[in-house]
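Please treat every number below as a calculation from the coordinates, not as lab data. Computed from a predicted structure; not experimentally measured. Don't worry about glycine lacking a Cβ; one is built from the backbone with ideal geometry, like all the others, and counts go over all protein chains shown.
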Amino acid sequence: MTPIAWPARVATVAGGAALALLLSACGTEADAEASATPTAAPATTQEEQVVEDDYEGESDAVEQAGATPRLAVTYDGGIAVIDARSLEVVGTLDLDGFNRIAPAGDERHVVVSTAGGWSVLDTGTWTDAHGEHGHSFTSEPVLHDVIVEAEAPGHVVVHDGLTTLFDDGTGQVTVIETGEWTEMVEHGDVHAVREYSAASAHHGVAATATDGTMLVTEGGEDDVNAAMILNADDEVIASSDQCPGLHGETAFTSASGEAYMMTGCEDGVLAFHGGDVHKIAAPDDFGRIGNAYSVDGSDVVLGDYKTDPEGGIGLTQATLIDVADESITVIDPFEGADAEYTWRGLARGTAGEALALGTDGALRVIDPATGDVVRSIDVIDEWEVPEDWQSPHPALIVIQGMAFVTEPASGAIHAVDYMGGAVWNSGVVDLEMTEIVGVNG
């Protein structure tokens, strides 16, 4: 995939100062040394070409000079789509309730967990490939109706060109080729390439690879402690029930080219690869890893870490899980600072960097090989971890070398050049954002 060309601009002042500048000076920016005249991000060049197509979302499309990345954010009452360069709202779509979003895998659509199943948000940005080049387009975002029915739509996992959806209410697993979303939305039907039913309904997860292997969890309503790998014929290749409190997954290719699938436990992780399963134990009797973040080509997985079973969602330590030597190293990204984070504040950089956003408003960039913080970037004002995980609080994602941080308290969103060590752009969208997903377009 061709990297996104982020236009050069002067970094904004972080936190409250940045917001004050945005509100009082219409986007005046300053770098760390001195004030500077702002240079607005150049608008994407539009070609005089409109796509003629019956598919809603493409009939008003305009060709662009290149891919146009966009962000989707949820808020109480709907979903907003934001231009990732200008950080201006492209459109808002009404949707009642607490809705969760996840990438569909095609860099255009977003899967929405809502009442009745999974609906699909067309963010209105995409690129059609033609040999060694492509044509990029944008249009107005469109929120489509539920296309994959579910009693309790849960985890959505994109891996190896496949998107796997797990229905917590029935244990039903639906696998879709990530390139099929446009066709599915256009015709209003599901093009499932594989389906599977777990033995019982539970809050679970599944992931699928193109070689036919599938990771799927097993458990009951209040007890999920097992996972297994199935082959293309749904036969069990490897399994383990030694994962109390199982939650979360990640799938990736290691530095040596081995395919891994991993689940988190209350005492470590289960790592599946090569037809085997290995339990990698946490250094504490209760050491919960509930969310894991991997990148292809790295042996190290970033995980959250909780040692107090009665504690809330605020955490201070994280983990670096090395699948090559089957070890878990506990790190403190905020050593010397009175700060916490939540699972929404962890991410991986394009080159494998570990990123952590703290309640002190700073984004730490961590060397995954050593656990050392290589830089800290002030981004937002200080904030407090809420009691309820559904409550709006800052979230972090990465799109091809740029980090995006939401600031629900101020209705702002910030683009952070985490390699350069500065806030690249800030915008006020005036929404109390909850979740965020990015697409490359």
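Sorting check: for 234-247, 200-213, which peptide has the highest mean count of neighbouring beta carbons within 10 Å, and how do the rest follow?
Averaged packing, sorted descending, gives the order 200-213, 234-247.
Could you tally the net charge around residue 232, taking each other residue with its Cβ under 10 Å from the Cβ of residue 232, Lys/Arg +1 and Asp/Glu -1?
Residues near residue 232 contribute -3 overall.
Charges at C-beta only: +1 for Lys and Arg, -1 for Asp and Glu. How large is the resulting dipole of the chain about its Cα centre, in Debye rounded to 20?
1060
Which peptide among 138-148, 108-118 comes first, and what is the full order, when sorted by highest mean count of other Cβ atoms within 10 Å?
The peptides rank, most packed first, as 108-118, 138-148.
Would you list 348, 375 from fewest to most Cβ contacts within 10 Å?
By the 10 Å Cβ count, ascending: 375, 348.
In what sequence do 196, 75, 418 fall when counting other Cβ within 10 Å, fewest first?
196, 75, 418
With a 10 Å radius around each residue's Cβ, average the other Cβ atoms per peptide and rank 176-188, 296-308, highest first.
Peptide ranking by packing, descending: 296-308, 176-188.
Please give me the summed charge of the neighbours of residue 180: other residues whose Cβ is under 13 Å from its Cβ, Lys and Arg +1, Asp and Glu -1.
Residues close to residue 180 contribute a combined charge of -3.
As a footprinting exposure proxy, order 127, 163, 329 by other Cβ within 10 Å, with the fewest listed first.
Lowest count first: 329, 127, 163.
Run lengths n ≥ 4 of DSSP H only: what is the helix-derived mean residue ellipticity at 222 nm for the chain, with -39500 (n - 2.57) per run over all residues, to the nearest 500?
-1000 deg cm²/dmol, from helical runs alone.
To the nearest 20 debye, what is the magnitude of the charge dipole of the range 335-424 about its Cα centre, counting +1 on the Cβ of each Lys and Arg and -1 on the Cβ of each Asp and Glu?
460
Return the label of the correct value of Rg and Dmax of the Cα atoms in Å, as calculated from the structure shown, out of (i) 30.0, 104; (ii) 22.9, 87; (iii) 21.3, 64.
Checked against the structure: label (iii).
Among 155, 273, 130, determine the one that fluctuates most according to a GNM of the chain built with springs between C-alpha atoms less than 10 Å apart.
Among 155, 273, 130, the largest GNM mean-square fluctuation belongs to 130.
Could you give the length gained on full extension between residue 387 and residue 370, defined as 0.36 nm per residue of separation minus the Cα-Cα distance, in nm?
My answer for the length gained is 2.9 nm.
Starting from 0.36 nm per residue, how many nanometres of slack lie between residue 409 and residue 76 once their C-alpha separation is accounted for?
Value of the extension gain: 118.5 nm.
Find the relative contact order for the range 151-279 and round it to a whole percent, using C-alpha pairs within less than 8 Å whose residues are 6+ positions apart.
Averaging sequence separation for qualifying contacts and normalising by length gives 16 percent for the range 151-279.
Place +1 on the Cβ of every Lys and Arg and -1 on the Cβ of every Asp and Glu in the chain, take the dipole about the Cα centre, and give the residue among 4, 116, 269 whose Cα lies farthest towards its positive end.
Of 4, 116, 269, it is 4.
Using Cα-Cα distances under 8 Å and only pairs 6 or more residues apart, what relative contact order does the chain have, in percent?
13
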